[in-house]
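Written out below as structure tokens is the structure these notes cover.
Only the coordinates and a few stated rules stand behind these numbers; no lab work does. All values reported here derive from a predicted model rather than from experimental measurement. FYI the Cβ positions are ideal-geometry reconstructions off the backbone, even for glycines, and counts take in every protein chain you see.
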Amino acid sequence: MLMARELRKGEEVNTLNDTDICNAEDIVKVMAHVKVVTTFMCEDGQPTIAMIAPLKAKLQKHRKQRIQTVRDIQVREVQCRRIQLKETLLMEIQQHS
């Protein structure tokens, strides 16, 4: 969606990095649920906490899962970088020996 070349030509989008764009796309996906519930509540005329509470719980659960997923990815990336750095250093040491 936001990664399309047509959109990346704009000045504002060019200032976003790939992570920012992916985060924005994830927010759009999550907000689709909010739109459905909001539309439903508007038709009903009187939104109640019984309608809002399950949505809030679902959004909080999704947010926690997303945060954990991001943390897991970051940990794996750091571990891979450490391994690559260690291998590079070992190769340099062997070359200079």
Label-point separation, Ile93 to Arg76 (7 Å along Cα→Cβ), nm: 2.9
Förster-model FRET efficiency, 30 Å R0, Ala24 and Ala53, C-beta, rounded to 0.05: 0.65
For segment 18-96, how big is Rg over Rh, using alpha carbon atoms and the Kirkwood form of Rh? 1.36
